[in-house]
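Trainee: For reference, the structure I am asking about is given below.
The values are calculated or read from the model by the stated rules, or taken from the named source; none is laboratory data. Fair warning: this is a prediction, and the values are worked out from it, not measured in the lab. Glycine also receives a Cβ, built like all others from the backbone with ideal geometry; neighbour counts cover every protein chain displayed. Remember, those area values only see protein heavy atoms, side chains included, never the ligands or the DNA or RNA. Shrake-Rupley method; radii C 1.70, N 1.55, O 1.52, S 1.80 Å.
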Amino acid sequence: MGDADIFHYRQGQLHCEEIALEALAAQYGTPAYVYSKAAILDRWNEYERALAGIPHRVCFAVKANSNLAVLNALAGAGAGAGFDIVSGGELQRVLKAGGDPAAVVFSGVGKTAPEIGLALEKGIHSFNCESETEIELLSAIAAAQGVIASIALRVNPDVDAKTHPYISTGLREHKFGVDIAVAEDIYRRASNLPGILVEGVSCHIGSQLLEIDPLLEAADKTLALVARLRSAGLPIRFLDLGGGLGVQYRPGERSASIAEFATLLRPKLDAMQLTLMLEPGRSIVAEAGVLLTKVLLVKQNGRKTFVVVDGAMNDLLRPALYQAHHEIAPLTEAPAGLTMTADVVGPICETGDFFARDRKLPALEAGDLIALRTAGAYGFVLSSNYNSRPRPCELLVDGSRVVVARQRETFDDLIRGESLP
């Protein structure tokens with residue numbers, strides 16, 4: 001199921017599943033995030049179908065979309081999703097949403113002692129450790145609690161992910177993981193620490209990967225490391241290849257194929273008797289979401305046309321942060337041939353507050369409603385209250401039913417915790 005299938009025009013109105021988005025905007029206001037539950041579960045099941053026959057666990061990357069209703073939908077999918085977390089707050093969200101702590105993997109380069117203690121207390125599956133110092137801290141906390149922590153060391157295979165530099169993580173100059181050349185020595189020392197069980201090898205080279213060759217190259221390098229570690233007597237039983245499969249943001253862009261990736265990976269794993277861990281985020285939820293926003297005015301400034309909308313960079317940061325592309329669709333299908341070329345911008349006092357630049361669009365005017373597509377990943381989770389703007393509501397559509405997954409913030413929410421002297 002692709003973005004075009006999820007969000008479709010019916011009788012001239014853009015729908016999400018069975019509901020017209022214009023009706024949602026009228027009832028709940030704008031800006032508003034809208035997610036399709038069916039699309040999220042369809043993409044989740046695509047992973048499960050592709051990996052059938054391979055011992056595996058798919059752990060949704062909570063950082064992509066941490067809404068409780070979204071996590072709850074995944075926790076109830078089939079046998080239940082696993083979850084990849086990068087903070088103690090994300091662990092608490094998973095537990096609140098009904099996720100199984102035994103299916104949680106804790107990643108991240110800067111885990112704190114309280115976060116580690118909480119994860120051990122809740123009995124998570126394993127830790128993807130990113131430094132020897134972290135393993136020593138984990139050992140001390142696990143020994144003090146009288147428990148055993150299963151770990152994988154995140155190795156850096158020095159593979160170019162061929163993606164935006166901000167979301168590339170697999171080269172030596174990145175902060176993530178340890179150089180694969182020194183990993184064996186770290187594994188040997190870690191195996192002798194109290195409270196530590198060395199069971200896995202972890203690798204994640206980046207996000208929004210549209211080519212699978214870098215992932216396969218990383219798999220080859222990490223599988224060779226697994227073989228060497230096993231030869232040294234270490235009981236490596238799982239390989240964590242992270243996530244990163246990309247989605248189509250631009251027309252003509254080709255999403256990375258989950259099925260093709262699994263097919264090419266399968267023979268590499270067959271002889272190793274390993275459990276495969278994957279941690280997709282964007283490829284599960286990105287195409288399942290849109291951001292609705294309303295045109296406030298159309299402004300001419302010399303030769304430039306600006307479409308000013310009520311959404312802003314505080315609601316969806318990706319265009320400002322990554323120069324990311326989101327397709328823009330009117331909620332009411334526009335007549336053919338009526339177009340304009342414009343920048344789509346928000347009200348925030350920053351030149352970087354834009355959603356599109358010099359974009360050819362259907363002719364728009366004040367009061368029109370538009371949808372920014374493929375906004376289900378790294379949308380709300382990157383939002384802020386910059387310029388004292390309340391964050392938008394989040395709506396989960398399930399057929400003809402709407403769940404208010406997050407209420408729109410109020411001014412009282414903005415000042416909660418503040419006080420006058």
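Trainee: Suppose the chain between Glu409 and Ala366 were pulled fully straight at 0.36 nm per residue; how much longer would it get relative to their current alpha carbon spacing?
Mentor: Contour length minus Cα-Cα distance gives 13.1 nm.
Trainee: Could you give the nm distance between label points at Glu350 and Tyr322, where each point is 7 Å from its Cα heading toward the beta carbon?
Mentor: According to this spin-label approximation, the distance is 1.6 nm.
Trainee: How about the stretch 193-283: which chymotrypsin sites (Phe, Trp or Tyr not before Pro) there lie in a loop by DSSP and see at most 11 other Cβ atoms within 10 Å?
Mentor: none
Trainee: Convert 10 °C to kelvin, take the viscosity as 1.306 mPa s, use the Kirkwood radius over C-alpha pairs of the stretch 222-350 as Rh, and evaluate the Stokes-Einstein diffusion coefficient in µm²/s, rounded to a whole number.
Mentor: Diffusion coefficient, whole number: 83 µm²/s.
Trainee: Still on this structure, I have one more. Could I have the simple spin-label model distance between Met340 and Asp213, label points 7 Å from Cα toward Cβ, reported in nm to one decimal?
Mentor: 4.3
Trainee: Follow-up question, since we're still on this one. For Asp240, Asp358, give the ranking by accessible area with the largest first, probe 1.4 Å.
Mentor: Asp358, Asp240
Trainee: Could you give the nm distance between label points at Glu48 and His8, where each point is 7 Å from its Cα heading toward the beta carbon?
Mentor: Placing both labels 7 Å along Cα→Cβ, they lie 2.3 nm apart.
Trainee: Ignoring ligands, DNA and RNA, what percent of the 1.4 Å accessible area of the stretch 1-158 is carbon and sulfur?
Mentor: 51
Trainee: About the Cα centre, and with charges only on the beta carbon of Lys, Arg (+1) and Asp, Glu (-1), how big is the dipole of the chain? Nearest 20 debye, please.
Mentor: 60
Trainee: Okay, next question. Report, please, the projected area of the stretch 1-69 averaged over directions, based on the convex hull of its C-alpha atoms, in nm².
Mentor: Value for the stretch 1-69: 6.1 nm².
Trainee: Taking 0.36 nm per residue of sequence separation and subtracting the Cα-Cα distance, how much length would be gained by fully extending the chain between Asn385 and Leu420, in nm to one decimal?
Mentor: 10.7 nm
Trainee: Separate question: Count charges around Ala119 for me, please; just the other residues with Cβ under 11 Å from its Cβ, Lys/Arg as +1, Asp/Glu as -1.
Mentor: Local charge sum for Ala119: -1.
Trainee: Taking a probe of 1.4 Å, how large is the accessible area per residue of the chain, in Å²?
Mentor: 42
Trainee: Continuing with the same structure: Identify, among Met340, Ala324, Gly417, the residue whose Cα sits farthest towards the positive end of the charge dipole of the stretch 321-419, taking +1 on the Cβ of Lys and Arg and -1 on the Cβ of Asp and Glu, with the dipole about the Cα centre.
Mentor: Final value for the positive-end residue is Ala324.
Trainee: Ser400: net charge of surrounding residues, Cβ under 9 Å, Lys/Arg +1, Asp/Glu -1, itself excluded?
Mentor: With Lys, Arg at +1 and Asp, Glu at -1, the net is -2.
Trainee: Which order do the peptides 146-159, 401-414 take when ranked by the mean count of other beta-carbon atoms within 10 Å per residue, highest first?
Mentor: Answer by packing, highest mean first, reads 146-159, 401-414.
Trainee: For Ala144 and Met272, what does the FRET efficiency come to when R0 = 45 Å and r is the distance between their Cβ atoms, rounded to the nearest 0.05?
Mentor: Once rounded, the FRET efficiency stands at 0.85.
Trainee: All other residues with a Cβ under 10 Å from the Cβ of Leu68 taken together, and with Lys, Arg as +1 and Asp, Glu as -1, what is their net charge?
Mentor: Counting the neighbours of Leu68, the net charge comes to +2.
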